[in-house]
Amino acid sequence: MITNLELEIKGKRLIAETGLMARQADGSVVLKYGDTVVLATVVSAKTAKEGLDFFPLTIDYQEKTYSAGKIPGGFFKREGRPSEKEVLTSRLIDRPIRPLFPEGFYHETQGIVSVLSYGDENVSDMLGIIGISAAMHISDIPLLKPVGAVRIGRLDGNLIINPDLSQIASLDMNLVVAGTDEAVIMVEGGGAEVSEAELLDAINLAHQEIKKITAFQDELRAKAGKEKRAVKIIEENTEFKGVVREYVSEKLMSAIAIPGKQLRQQAIDAILDDAVTYFNTPENAEKFFSSASKNLTREIAAVFDAYEQEIVRGMIIEKGVRSDSRKPDQVRQINSHVGILPRAHGSALFVRGETQALVVTTLGTADDEQRVDSLDGETFKTFMLHYNFPPFSVGEVKPLRSPGRREIGHGALAERALRYVVPGKDKFPYTIRIVSDVLESNGSSSMATVCGATLSLMDAGVPISAPVAGIAMGLIKEDDKVVVLTDILGLEDHLGDMDFKVAGTTKGITAFQMDVKISGVTFDIMKTALEQARLGRLHILSKMDESLTAPRTDLSPFAPRIYTMKIKQEKIRDVIGSGGKVIRGIIEQTGVKIDIDDSGLINIASSDEQSAQKAIDIINGIIAEAELNKIYLGKVVRIADFGAFVEIMPGVDGLLHISQISEKRLAKVTDEINMDDEVLVKVIEIDNQGRVRLSRKEAMREQQKP
């Protein structure tokens, strides 16, 4: 049976349809909004995967090029590996969905969003979140609550729900907000130095729309929903749990208080290994689980991990003390070094506690721009930030592979944080690439990347409008007791209830990312956390100032120099020449790189100033125009009965009438001048059609003046 449902959002109908497409999936929903159509499907294995202690969820978002009436580029003419946008959108859908499954549901589950039609509504990613939620909600998969999502932007001071594609470039705040009817679960986005209060207002407005969308999904489930499958709840063996906790308690409490990450983890691992060895005996297996052959390793690890979490959270809630002995609002020690790589155009090493990022800036020309071919059309990026997370940064051994979803996501977050302060191409005509190599990690390497990137940009001489710093915040909430944590460790990220990252300047926020693991985070808690984050960000910015306070005034000697000039649009073809002959000749003569856009803006790039100046002089000669009353030394290029034509500059001829050649009356032109003669002439008239009239006798008169 086909079921349809409609909801109005921003004057357009959101239509949900189920029962027509992909009927073999556990849940399938087609969502339509304007000309945008997505198909969301979910499938979950009927049995849990053995040996897992986490929920194995996979979300994939894929854009079909036919959705925008296009054929893929490349040799194979079919969609290939996921684009960066597809990877980021897959993460965007995954993050609000993942926390909403019951404990103990370890069935492999996959959600796939396929964009079937792509319109100007700019909502395919939002429809992806809503679609996966709706498909799970009507299926037998035990999603606890439906999730809604909207994009919210600010244009000319007004907040807009789901801004159109044409409005995106003009927004000074752009957020994606997802949540349930009770609470916001995820926020992702940025702004042009927006205040904490403005951010909260936007999130609050978005949540009002989200409530309508979740109610819409509840109505769809009432019409077309399946009965939810039962989740097998493993009864807790309280006697076994108590014995294990008593055995490790004293040692574990001491180990958690060790400040250093590696030493702390080594001590904790040693205690777990000892407990596994001690309890993993046939006698204990028979006593606690009625099976002498049972291996207790998994049960011991589960009790141990839960107890570790309880101890860490208890220290913070009851004593206000963290595992590294810091106070809740205290930032770890910060050190930074700039200009540490001699051949790089800009470099910085930012160190915060046991997290360090080596960030390098490279300046390039228009040839280095990244071409992005998407459903929106072809665009070019002149600012890129790439984030790498090698395994040695956390003391692990893993094969090096191409960037994964995490690396791409962290890089995009850091890039967004800096995008609002990096100058446009009209002010700084360079392509900018930043690479962050995380060399050590114990908490928020993405925010360390933001700080290091700011210093690296300033070291490279990029005139950013203001320094940007980032900080990661956490939350521990037990009943009515709430503690907000500044600059969280990896352990606190893992065991906490909320992870949010804030980047910005002294004036305001440029990037924000929040993921909530519990449902009880109120707007008052968020307000407190944002204010604490603001103070932490200002502290970090003050520490960064100790290394470099402003962009360097000179570029690296190894960076290309780009010289900019503007010519009239009608002169562009003169500089390019037939088939590019003229511009190729300039490049061959001077060795520079030349880029001309349709507006007449010319960028000349060269590491040698003399070569660049030579190219500028040649172009100035090509585009030069005659000036009224100016004297030129010209060359006679043609003789007629009524006068001569004199070339006063390359490509510019003027008529020298026979009456303007000499003070005396001439019978013929050749009585005074001949072909190829060089003569001084004055421009005495330029008519509406650009034709030039010259006078030799007036030029001679001026030359004779004292």
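The table below gives the values:
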item	result
Qualifying positions in the stretch 401-419 - of a type outside the set (G, A, S), in a loop (DSSP other than H, G, I, E, B) and within 13 Å of S83 (Cα to Cα)	P403
Filter result (farther than 14 Å from D201 by Cβ, assigned to a loop (DSSP other than H, G, I, E, B), out of contact with any strand residue (DSSP E or B) (no Cβ under 6 Å at 6 or more places or on another chain) and of a type outside the set (D, E, K, R)) within the stretch 148-169	A169
Pairs where the first residue, in the stretch 219-246, is on the phi > 0 side of the Ramachandran plot and assigned to a helix (DSSP H, G or I) and the second is among the aromatic types (F, W, Y) and modelled with pLDDT under 95, C-beta under 8 Å, 6+ apart	none
Of residues in the stretch 247-268 being of a type in the set (G, A, S) and assigned to a helix (DSSP H, G or I), the one surrounded by the fewest Cβ atoms within 10 Å (Cβ to Cβ)	S254
Sole residue being more than 30 Å from A285 (Cβ to Cβ) and out of contact with any Ser or Thr (no Cβ under 8 Å at 6 or more places or on another chain), chosen from D324, D329	D324
Matching residues, the stretch 455-481, being of a type in the set (V, I, T) and closer than 17 Å to I185 by Cα	I476
Residues satisfying the stated conditions in the stretch 91-125, i.e. of a type in the set (A, V, I, L, M, F, W, C), within 30 Å of D53 (Cβ to Cβ) and in contact (Cβ under 8 Å) with a residue 40 or more places away in the chain	L92, I97, L100, F101, F105, I112, V113
Some residue of the stretch 396-403 being within 30 Å of S67 (Cα to Cα), surrounded by fewer than 18 Cβ atoms within 10 Å (Cβ to Cβ) and either out of contact with any helix residue (DSSP H, G or I) (no Cβ under 8 Å at 6 or more places or on another chain) or of a type in the set (S, T, Y) (or both)	yes
Search result, residues across the stretch 55-89 that are touching a residue at least 40 places away in the same chain (Cβ under 8 Å), in a loop (DSSP other than H, G, I, E, B) and of a type outside the set (K, R)	F55, P56, G73, S83
Residues located in the stretch 356-400, provided they are in a loop (DSSP other than H, G, I, E, B) and farther than 27 Å from Y563 by Cβ	L375, D376, F389, P390, G395, E396, V397, K398, P399, L400
Counted residues, the stretch 98-124 - those being surrounded by fewer than 23 Cβ atoms within 10 Å (Cβ to Cβ) and either part of a helix (DSSP H, G or I) or not assigned by TED's automatic domain parsing to the domain that holds A25 (or both)	3
Number of positions in the stretch 434-462 that are under 18 Å from E546 (Cβ atoms) and surrounded by fewer than 24 Cβ atoms within 10 Å (Cβ to Cβ)	1
Residue list for the stretch 651-683, filter: in contact with a Lys or Arg (Cβ under 7 Å, 6 or more places away or on another chain), over 30 Å from V582 (Cβ atoms) and among the β-branched types (V, I, T)	I661
Unmet requirement for L127, which otherwise passes all of (1) crowded, with 21+ Cβ neighbours inside 10 Å; (2) of a type outside the set (D, E); (3) touching a helix residue (DSSP H, G or I) at 6+ places or on another chain (Cβ under 8 Å)	(3)
Every residue from the stretch 691-706 that is farther than 10 Å from G654 by Cα and assigned to a loop (DSSP other than H, G, I, E, B)	K705, P706
The listed residue being under 26 Å from I334 (Cβ atoms) and of a type in the set (S, T, N, Q), out of S519, S547	S547
Matching residues in the stretch 181-202 - criterion: being surrounded by fewer than 21 Cβ atoms within 10 Å (Cβ to Cβ) and either part of a loop (DSSP other than H, G, I, E, B) or within 20 Å of the chain's Cα centre (by Cα) (or both)	D181, E182, A183, A192, E193, S195
The one condition in (1) among the polar types (S, T, N, Q); (2) within 30 Å of D597 (Cα to Cα); (3) touching a residue at least 60 places away in the same chain (Cβ under 8 Å) that S519 fails to fulfil	(2)
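The values are calculated or read from the model by the stated rules, or taken from the named source; none is laboratory data. As the structure is a prediction and not an experimental result, all values here were calculated from the model. All Cβ positions, glycine included, derive from the backbone under ideal geometry; neighbour counts span all protein chains shown.
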